[in-house]
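No value in this document is a laboratory result; all are computed from the given coordinates. Nothing here was measured: the structure is a model prediction, and the numbers come from that model. Cβ coordinates were reconstructed from backbone atoms using ideal geometry, including for glycine residues, and neighbour counts include every protein chain displayed.
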Amino acid sequence: MIAAEIEARLRAALAPIELRVRDDSAQHAGHAGAREGGHFHVSIVSERFTGLQRLARHRLVYHLLSDLMQRGIHALALDARAPSEH
């Protein structure tokens, strides 16, 4: 459910050329923070990242998912690229 919400928000806000959201939570079962939320990996290619440094790209994604970071995402691995880097 959280993975679908992540995907919907990123599609709506960033119109990605490519987007993959992977739920890695099962690999972290038993980890102390696993009870607080899931572990996800997002790979996204969007024109919106053109001209932005890596940190600015991550901040943009984290901003879009900020409330989920409080209630469903414990860890987020992010690969955010511009189309020219894909």
Practice prompt. Compute the long axis of helix 2-14 from its Cα atoms, compare it with the longest principal axis of the Cα atoms of the chain, and write down the angle in degrees, 0 to 90, nearest 10.
Written response: 20
Worksheet item: Considering only the other residues whose Cβ falls under 15 Å of the Cβ of SER46, what net charge follows from Lys and Arg at +1 and Asp and Glu at -1?
Response: +3
Worksheet entry | HN-Hα J in Hz across region 17-27 - Karplus 6.51, -1.76, 1.60, θ = phi - 60°, x for Gly and Pro | 6, 9, 8, 10, 10, 10, 8, 9, 4, 4, 6
Worksheet entry | Per-residue ³J(HN,Hα) for region 54-69, Karplus 6.51 cos²θ - 1.76 cosθ + 1.60, θ = phi - 60°, Hz, x for Gly and Pro | 3, 4, 5, 4, 5, 4, 4, 5, 4, 4, 5, 10, 3, 6, 5, 5
